[in-house]
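Quick notes on the structure that follows.
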Amino acid sequence: FLTGLVFQYPEYQLFEETCYKDIAFGPKNMGLDEAEIDARVHEAARFVGLDEALLERSPFELSGGQKQRVTLAAAYCSDADLIVLDEPTANLDIATRREIMAVLEDMKDVIQTAVIATHDMQLVCQWAERIIVLCGGRVVADGSRDEIFARADVVEQVGIRPPEIFSMAQALDRRALCYTVEEFLSSFQEA
């Protein structure tokens, strides 16, 4: 059973001289031959949208979003059964955040299980099938986004708030529950 990790701060995870070597670290330790490793590294770079010209550069010369792509590529490249992501969109600008969220969305089709630890309710509502809310080291709620945000006691106790679009939809008295901009816009088409 293989587990991949993606840290909130990619700098804590990256350590090799080049991005290529960082991405290849897992498959190399799995004992794969050089041709298979090379194929996996290039496929992973393409999958996460990392420019292959960056593979021979030091990961410490890259932008925050590029570093995060390297860590995602490393997790993807290892063919992990489970990926654990810690705040994968933290400290990224809006455009890069959207790009990383798109990569995560694509990963849903190839990764058996992913666990994301985050305070970003937009990411949670867009991506998660199941939400587990922790407070003080214990589980205080477990369910879908509708089930979680319907529980005022949990929302108040933990201090989480649904995405702003949810509140806007409620203020406009939209009957449908909307957690993403796409859901909000489609609620007007349904009305």
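Between segment 81-104 and segment 1-47, the alpha-carbon centres lie 17 Å apart. Here, P(r) means the percent of Cα pairs in each 10 Å bin from 0 to the largest distance; for segment 60-191 it is 11, 37, 34, 16, 2, 0. In this calculation the C-beta distance from I132 to E56 is compared with R0 = 45 Å, giving a FRET efficiency of 0.65.
Measuring with a 1.4 angstrom probe and ignoring ligands and nucleic acids, F184 comes out at about 20 Å² accessible.
If you run the Gaussian network model on the chain, springs between alpha carbon atoms under 10 Å, then out of K67, K108, K21 the most flexible one is K108. Charged side chains reduced to their Cβ positions (Lys and Arg at +1, Asp and Glu at -1) give the chain a dipole of some 540 debye around its Cα centre.
For segment 95-115, the residues whose amide N sits under 19 Å from a probe point set 7 Å from the Cα of L185 along the beta carbon direction are 95-103, 105-106.
Shown here for segment 55-138: GluC sites (Glu not before Pro) in loop regions (DSSP other than H, G, I, E, B) with at most 10 other Cβ atoms within 10 Å, namely E129.
Taking the C-alpha atoms only, the angle from helix 19-29 to the longest principal axis of the chain is near 80 degrees. Candidates L55, Y9, S78 compared by Cα position along the dipole of the chain: farthest toward the positive end lies Y9, with charges placed on Cβ. For D109, the accessible area of its heavy atoms, probed at 1.4 Å with every protein chain present, is near 130 square angstrom.
If you build a Gaussian network model of the chain, linking Cα atoms that sit under 10 Å apart, which residue out of M101, M168, M121 swings the most? It is M168.
Each Lys or Arg adds one and each Asp or Glu subtracts one; over the other residues with Cβ under 15 Å from the Cβ of G65, this totals -1.
Averaged per residue, what accessible area in Å² does the chain show with a 1.4 Å probe, protein chains only?
57 Å²
Charges were assigned to the Cβ only: +1 to each Lys and Arg, -1 to each Asp and Glu. The resulting dipole of segment 107-153 about its Cα centre is roughly 100 debye. Placing +1 on each Lys and Arg Cβ and -1 on each Asp and Glu Cβ, with no other charges, gives segment 70-115 a dipole about its Cα centre of roughly 100 debye. Using only Cα atoms, tell me the angle between helix 181-190 and the longest principal axis of the chain; keep it within 0 to 90° and round to the nearest 10. Once rounded, the angle reads 50 degrees.
The values are calculated or read from the model by the stated rules, or taken from the named source; none is laboratory data. Here the structure is a predicted model, which is why all the values come from computation and not from measurement. Glycine gets a Cβ as well: all are built from the backbone with ideal geometry, and neighbour counts include every protein chain shown. The area values use the complete protein model at the heavy-atom level, side chains included, leaving out ligands, DNA and RNA. Shrake-Rupley method; radii C 1.70, N 1.55, O 1.52, S 1.80 Å.
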